[in-house]
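The values are calculated or read from the model by the stated rules, or taken from the named source; none is laboratory data. Quantities reported herein were computed from a predicted structural model and do not represent experimental measurements. With ideal geometry, Cβ positions are generated from the backbone for all residues, glycine too; neighbour counts draw on all protein chains shown.
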Amino acid sequence: ASIEKLVTYICLETVFKITLEDTHLASSQHLIEMFTNSIQKWASRIKKDTVTFCVHFEGIHAIELDPNNAVYYCNRAAAQSKLNNFREAIKDCESAIAIDPKYSKAYGRMGLALTSVNKYEEAVTSYQKALDLDPENDSYKSNLKIAEQKLRDVSSPTGTGLSFDMASLINNPAFISMVSISQGLHCPILKTELLRTTLTPQETNL
């Protein structure tokens, strides 16, 4: 090992004019770490290129050869989703369904794409249709629950971020104190809500 190091030092000094004193040129990463990072980047690029190839192949070759094959459109939809082309994925799923209305996978993949563009109500419908055709599919069940929860979040008063929780505000001690100090609670709606949320049922009936 020492001979190998010596040979390395001689090569570096001869070819690159680098000596052991040039410590400022040292990398902060170990060689194995640099190698691992390079492999991961390479693998990620290969994966993306493979997906792009799938879109190209299914779109240009397979579909041209057999434009009435729902599987080809559905496969391209999956590849489009991987590339974040969700609207194109939705179109391909719709084409697949038009060819084969009982193709559960097309409904499932359309549900994923619809969820990704925040069309939760339509996504729920797609997953429900997928489950009607394939009731035992755990993936459809799980994704349906996710879409339903997102739909509830958006539909709730506090889900959109455009309103606030009136009950929490009314029950805030600082807010109650501020309102009490104000001149006689001039706002009738606010006064009614304040009384309703702060009084007990027995007190309300007095």
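Would you confirm whether any residue within segment 84-100 is outside any helix (DSSP H, G or I), surrounded by fewer than 20 Cβ atoms within 10 Å (Cβ to Cβ) and at pLDDT 95 or above?
yes
Identify, from the list 73, 107, the residue that is part of a helix (DSSP H, G or I) and either in contact (Cβ under 8 Å) with a residue 60 or more places away in the chain or touching an Asp or Glu at 6+ places or on another chain (Cβ under 6 Å) (or both).
The unique qualifying residue is 73.
For segment 108-137, name all the residues that are under 11 Å from residue 148 (Cα atoms) and of a type in the set (Gly, Ala, Ser).
123
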